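Asks: Before we start, here is the structure in question, set down as structure tokens.
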Amino acid sequence: MNEKAGQLIKVQVQRQADLRELYGEIQDQLEDVEKKLKKLAQSPNPLIAEIGGYLFQKSGKRIRPALVLLCTGLFTSRGEEPVLFAALVEFIHTASLLHDDIIDNSDTRRGITSVHSKWGPNVTVLLGDYLYIKTLGLSLGSRFQQLTRILTDVSARMIEGEIQEYVQSGNLKLSERDYLAIINQKTASLFSASCRIGGILGGASAEEEEALAAYGTSLGLSFQVVDDILDYSGREEELGKPVLSDLVEGRITLPLIDALRQNGRGDRNRVVRLLREVKADPAARQEILEIIRSGPSLDYAFSKADEFCRKAKSALASLPAGPHRQSLSLLADYILHRNR
């Protein structure tokens, strides 16, 4: 096993800061976000209320809400709007996951039965739409009118990324450049928007706002590359879904892209052959897993995630020093070395 790949399979606990420690400055606000999510998920419609309660029964990592709160906290004391918008970015993230599970026909999400599997695709797509629209409606009450535009733009970008990923499903000629463009839209755009929203709510200057957006973009790219590595290197009990789920669903991600472009290696033709059988044949999945884990591609993908992590931390240099900036820096390290 390669050293860097091993870091992702046997995550070194001493290199990960506990999220409770990272969120220390905003822990009370995050608890308010949980209350806000549960309140906003309530509805006179019994089915919406039931599914809303199911969706927000577990708090999860809440990285995107934390970004709103940490970035606001760089500049100002607490207020009500940061908690609201932290909840709203989580609504958008949740809506994207609902639609994602329909496209992928996923049975599980975060270790529990997916809404798609439990209530069916028709209800799930309507609920995803409901969360998007409700988010935009609630944002209209802010004194910062540009926040609605930011949420609208990022929702469109995420959907565009999902569509492009679907179009490229199974395309073994997908380039690294095109892959990065997809994950920039699908994942990094919401990280960046969360940071930008936090800066605006905190009263950041135009330059500081752009620095926060750049931090969020790099952080989101690092997050998604690590996520894609974990599809090969992780463990099902930690991921909350089977290993190679993304591959079986047709997603072509960076470890596979790098494995396919290894010139002079006999594995390439073998991988291409195995990919034709990956959905139906568990043995083919296991063989691909062994090829990827034993080769250099997980190391390569990890080096790209590390590069984005360092870019994210570098973008913080011009921002006000203090515990919130320190937490943002440590969060980048946490994301790089996480195991789920």
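Each reported figure results from applying straightforward, stated rules to the coordinates on display, with no laboratory input. Keep in mind the model is a prediction, meaning the values are calculated, not measured. Cβ coordinates were reconstructed from backbone atoms using ideal geometry, including for glycine residues, and neighbour counts include every protein chain displayed.
Asks: Could you state the angle between the C-alpha long axis of helix 121-139 and the longest principal axis of the C-alpha atoms of the chain, as a value from 0 to 90 degrees rounded to the nearest 10?
Replies: The angle comes out at about 40 degrees.
Asks: I need the peptides 131-143, 246-258 ranked by packing, meaning the mean over residues of other C-beta atoms within 10 angstrom, with the highest value on top. It would help to have the intermediate numbers written out before the result.
Replies: Details: 131-143: 16.2, 246-258: 20.8.
Put in order of decreasing packing, that is 246-258, 131-143.
Asks: Ranked highest first by average number of other Cβ atoms within 10 Å, how do 93-102, 28-37, 223-232 line up? Don't jump to the answer; show the numbers that get you there.
Replies: On the way: 93-102: 20.7, 28-37: 18.4, 223-232: 24.1.
Descending mean neighbour count gives 223-232, 93-102, 28-37.
Asks: Would you kindly state how much longer the chain becomes between VAL125 and GLU207 on full extension, computed as 0.36 nm times their sequence separation minus their alpha carbon distance, in nm to one decimal? Don't jump to the answer; show the numbers that get you there.
Replies: Values: separation 82, 0.36 × 82 = 29.52 nm, distance 3.83 nm.
Working it through step by step, the gained length comes to 25.7 nm.
Asks: If I fit a long axis through the Cα atoms of helix 282-294 and take the longest principal axis of the Cα atoms of the chain, what angle between them do I get, 0 to 90°, rounded to 10?
Replies: For 282-294 against the chain, the angle is about 80 degrees.
Asks: Okay, next question. Could you sort 311-321, 329-339 so that the peptide with the highest average Cβ count within 10 Å comes first and the rest follow in order? Intermediate results must be reported in sequence, preceding the final value.
Replies: Details: 311-321: 17.0, 329-339: 20.5.
Going by the mean number of other Cβ atoms within 10 Å, highest first, we get 329-339, 311-321.
Asks: So for the chain, taking the charge dipole from beta-carbon charges (+1 Lys/Arg, -1 Asp/Glu), which of GLN262, LEU131, PHE56 sits furthest toward the positive end?
Replies: It is GLN262, whose Cα lies furthest towards the positive end.
Asks: Using only the alpha-carbon atoms, how far is helix 27-40 inclined from the longest principal axis of the chain? Give it as 0 to 90 degrees, nearest 10.
Replies: Between the helix axis and the principal axis of the chain, the angle is about 90 degrees.
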